[in-house]
Structure formats: C-alpha cells, structure tokens
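Just below is one structure, and these are the notes that go with it.
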Amino acid sequence: MKVLATALALLVTLVVLQQAACLEANQCMRLSDCPTGDVCTAGLCVPAGITGDGAAEGGDATPPTQDAVPPAESSLLDEAAALDDGAGDAAPAAAD
Amino acid sequence: MTRGIVTITTAVAAIALTSPAFAQTLLLSGEVGLASGVEGGDPGTGSTTFRRARTRFEAGGDLRSDEDRVDAFALRAFAEIEPHVSVGGELRYVRYIGQHFTGFAGFTGTLAPHTLFGGVVGVQGFIPLGKTLSLLIEPSFSALPFGSDLPTDQPLLWGLLCVGIRGDFLAASAANEEGPK
C-alpha cells in the first residue's frame with residue numbers, strides 16, 4: 001500500500017513538473033499577475049486605459065500602426081519620390 | 001383509578017428502562033502542506049494556455065462524528081506565496097473511503113487582493129508516519145468562473161498537488177464534559 005501510494009505520488013509529481021516546464025511564460029492570466037495600475041489584456045499586462053493592441057481606450061479607432069510610421073521611413077519615401085521626379089526631368093534632356 | 005395507576009406505571013417503566021444515550025464524539029483532523037501545479041485559462045487571446053500555478057501554503061482541518069466516520073466537512077485556508085501573493089479558502093465535503101483515502105468536493109476561491117470563486121474536486125491519500133501523523137498527498141482540480149481576478153469571462157483552471165502533514169489531533173466530546181463517559 002505504501003509503495004503504491006508513493007509511486008502514485010511520484011508519478012503525479014513528474015507529470016505536473018513536466019507540464020510546468022512546457023508552460024508559456026511572461027503572460028498574465030489573472031489581474032493579480034500585473035503590477036498595480038496595470039490590467040491584463042489579451043494575455044499581457046498593459047497600463048490601465050490601453051488595450052492589448054496598443055490603442056487607447058475611449059479614443060478614436062485609428063490603428064496605432066498608421067501613427068507609428070518612423071520619421072526615418074518617411075524621409076526615405078520623400079527621397080525616393082524626389083529621385084523619381086529627377087529621373088523624369090532628366091529623361092527628356094537626354095533625349096534632346 | 002386503575003387506568004391512572006397503569007398509565008403512571010407504564011410511563012415510569014418506560015423512562016427507567018430506557019438506556020442512557022452516549023454523547024456523540026467529534027473527530028478533528030488537521031493538515032498543513034505546500035501545493036503547486038498548473039494553472040490554465042484563456043486570458044483573452046482566444047486560446048487556452050497553461051503555466052505553472054502559484055506556490056501556495058495550505059492549512060485546514062476536517063470534522064466528523066464517531067457515529068458517522070465516513071462523512072466529514074472541512075475548511076481549508078491557503079496563501080499563494082509566489083510569484084504573486086493572494087489569500088483564499090475552501091469549504092469541502094469529504095467522503096472517507098477507507099482509513100487512508102478520501103474524496104472531496106466543495107467551493108474554493110481567493111478573497112484578496114482580487115476575488116475568485118469556483119468549485120474543487122480531489123482526492124487525498126494518507127501514508128501513516130506514526131500513531132497520529134500521516135503524509136498527506138492531495139491532487140485536486142478546480143474551475144473558477146467567477147471573480148474580479150479574471151481578465152475575461154473564461155474560467156480559470158487549477159490542477160494542484162498538495163504535499164503535507166496530517167494529524168488526527170483531537171477527539172472532542174460534543175457533550176463537552178457532560179459527566180463521566
């Protein structure tokens with residue numbers, strides 16, 4: 001009886017440890033997982049008032065990616081447009 | 001007159017011949033242990049995920065009558081101690097299946113810093129360590145669909161294994177010193 005119970009306990013312990021080793025980390029599953037002032041949204045702790053996709057609650061529905069274009073990327077686009085304009089001006093000159 | 005004498009004689013005889021009732025004795029057992037396991041739920045991602053459950057310290061006891069040693073009621077308090085702290089408790093109906101094995105079902109939940117409420121089922125095994133002490137091994141499963149600690153309306157699941165010490169500490173008389181036993 002003792003051997004059977006001990007074996008059962010060891011088996012359950014091993015199963016639990018094996019499960020725990022495969023678990024996902026850095027996620028919240030309960031509000032109390034998050035620091036005070038944060039809420040658990042879509043599995044992540046975010047400051048209260050911010051949804052899991054980064055949008056501010058109560059604000060407009062503009063996706064954050066449209067506002068989040070880096071300035072460097074914008075200037076690159078401007079430069080590319082300027083080069084296109086320059087090439088368009090140069091082509092007739094070469095034809096002449 | 002004769003009818004009265006017969007009635008009184010019968011009543012006195014009935015009272016005198018009745019055997020005295022023995023006081024019911026309550027059997028108290030106490031348990032302390034550490035528990036952990038797996039915690040699962042859908043935190044809003046649309047899929048159920050699992051992780052290691054918080055480690056918790058548990059303490060409690062169960063009470064049953066010596067006239068009905070099969071059925072018992074138990075109270076259990078617990079404190080989750082890492083990685084986050086909370087306190088809670090359980091109320092259980094316990095069914096003894098032999099001397100070293102029980103099954104139980106009841107209500108469980110946390111009270112602070114946020115609330116959680118749900119049900120719990122499990123079994124207990126006792127490995128005797130002496131006359132009154134036993135090693136306690138208790139796997140349990142809980143589902144908690146209510147409370148302010150839930151980020152969504154999906155229930156939180158706990159699969160826990162508690163290992164601890166159990167003691168049959170006290171056999172208290174319900175009559176509470178009501179004359180010699």
Practice prompt. Report yes if some residue within the stretch B:148-158 is closer than 17 Å to B:Arg64 by Cα, surrounded by fewer than 19 Cβ atoms within 10 Å (Cβ to Cβ) and either of a type in the set (D, E, K, R) or touching a Cys at 6+ places or on another chain (Cβ under 7 Å) (or both); otherwise report no.
Written response: no
Worksheet item: Which ones in the stretch A:30-56 are at pLDDT below 85 and either basic (Lys, Arg) or in a strand (DSSP E or B) (or both)?
Response: A:Ile50, A:Ala56
Practice prompt. Please find, among B:Val70, B:Val120, B:Val85, the residue that is surrounded by 15 or more Cβ atoms within 10 Å (Cβ to Cβ) and among the hydrophobic types (A, V, I, L, M, F, W, C).
Written response: B:Val120
Worksheet entry | Single residue of the stretch B:87-107 satisfying the filter (more than 14 Å from chain A (Cβ to nearest Cβ) and out of contact with any Phe, Trp or Tyr (no Cβ under 8 Å at 6 or more places or on another chain)) that is nearest to A:Asp38 (Cα to Cα) | B:Gly103
Practice prompt. Go through the stretch B:126-166 residue by residue and tally those that are of a type in the set (Val, Ile, Thr), more than 10 Å from every other protein chain (Cβ to nearest Cβ) and not in a strand (DSSP E or B).
Written response: 1
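The values are calculated or read from the model by the stated rules, or taken from the named source; none is laboratory data. What you see is a predicted model, and the numbers here were worked out from it, not measured in a lab. Neighbour counts run over all protein chains shown; Cβ positions are idealised from the backbone, glycine included.
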